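Okay, so here's the structure we're looking at.
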Amino acid sequence: MNQIDLNGQVAVVTGGAQGFGLASAKRFITSGAKVSLWDRDADALNRAVELLGPGASSQVVDITDYAGLEAAHAAVERDVGPVSILLNSAGIAGRNAPLDEMDIEEWRKVIEINLNGTFYVNRVVIPSMKARNYGRIVNISSVAGKEGNPNASHYAASKAGVIGMVKALGKEVAKYDIAVNAITPAVANTRILEGLTKEFIDYMLSRIPRGRFLEVDELANMVAWLVSRENSFTTASVFDLSGGRTTY
């Protein structure tokens with residue numbers, strides 16, 4: 001494993017109790033950062049903090065609750081230190097259905113969490129990063145945001161929206177030495193698969209030339225560099241992590 005220098009950094013990781021978020025938090029701590037895990041599952045957060053050790057703390061918060069996000073950010077800045085890193089990995093897949101049969105509330109739920117939630121979290125951390133003229137942000141999108149998946153139009157739309165937001169925001173804050181990038185992972189064997197049909201999961205796996213699911217540590221390795229000072233030029237960009245599925 002390459003050593004990434006994150007000494008003196010404070011990272012917020014949404015969806016940090018499991019999956020991509022937990023794996024990345026572990027890598028951040030190994031690299032010298034302090035990490036605040038944000039998640040709405042209090043029990044899972046407690047287990048994650050115990051697993052990660054003294055470099056980790058947590059905030060029970062829902063990323064669709066803007067006031068709650070503001071309070072969580074203020075608490076981290078007061079108790080841990082200035083937030084210089086954000087990894088936004090919280091999200092849901094939603095239930096599969098053709099667009100013309102999709103439940104309207106299900107559509108709204110996926111958009112609210114995946115797209116609006118990403119906006120809320122970024123909006124909360126940006127002002128203090130601008131004030132300090134430094135920050136590193138990674139928002140997790142998906143290959144679905146590039147090319148879509150049938151029977152998952154809500155998820156594809158939400159993740160395409162994240163890509164568009166990252167491209168705009170990265171340009172807005174570049175002069176403050178704030179890098180904002182997205183990662184578009186292929187499917188990984190995490191809890192986001194719960195509720196999806198076997199046929200849909202098999203379809204997604206069949207699209208990956210590597211012939212396997214993404215490992216969460218593989219994503220964490222890419223994120224660790226993107227949130228480091230070594231990433232001093234790239235912003236408003238999208239990094240593919242799809243095993244060859246989407247190469248653009």
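The values are calculated or read from the model by the stated rules, or taken from the named source; none is laboratory data. As the structure is a prediction and not an experimental result, all values here were calculated from the model. Neighbour counts are summed over all protein chains in view; Cβ atoms, including those assigned to glycine, are modelled from backbone coordinates with ideal geometry.
Brief remarks follow.
- The condition (being modelled with pLDDT of 95 or more and not hydroxyl-bearing (Ser, Thr, Tyr)) is satisfied by just one residue among Gln9, Gln3: Gln9.
- Selected residue [out of contact with any Cys (no Cβ under 9 Å at 6 or more places or on another chain), in contact (Cβ under 8 Å) with a residue 24 or more places away in the chain and in a strand (DSSP E or B)] from Val238, Val173: Val238
- Close pairs from region 24-41: first modelled with pLDDT of 95 or more, partner among the hydroxyl-bearing types (Ser, Thr, Tyr) and surrounded by fewer than 20 Cβ atoms within 10 Å (Cβ to Cβ), Cβ under 8 Å, at least 6 apart: Ser31/Ser228; Lys34/Ser57; Val35/Ser57; Ser36/Ser57; Leu37/Ser57
- Residue list for region 1-23, filter: assigned to a loop (DSSP other than H, G, I, E, B) and within 27 Å of Arg40 (Cα to Cα): Leu6, Gly8, Gln9, Gly15, Gly16, Ala17, Gln18
- Boolean, Gly135 is more than 15 Å from the chain's Cα centre (by Cα), over 19 Å from Ala93 (Cβ atoms) and without any contact (Cβ under 8 Å) to a residue 60 or more places away in the chain: yes
- Test set (1) part of a helix (DSSP H, G or I); (2) in contact (Cβ under 8 Å) with a residue 24 or more places away in the chain; (3) within 15 Å of the chain's Cα centre (by Cα) - Ala160 fails condition number: (2)
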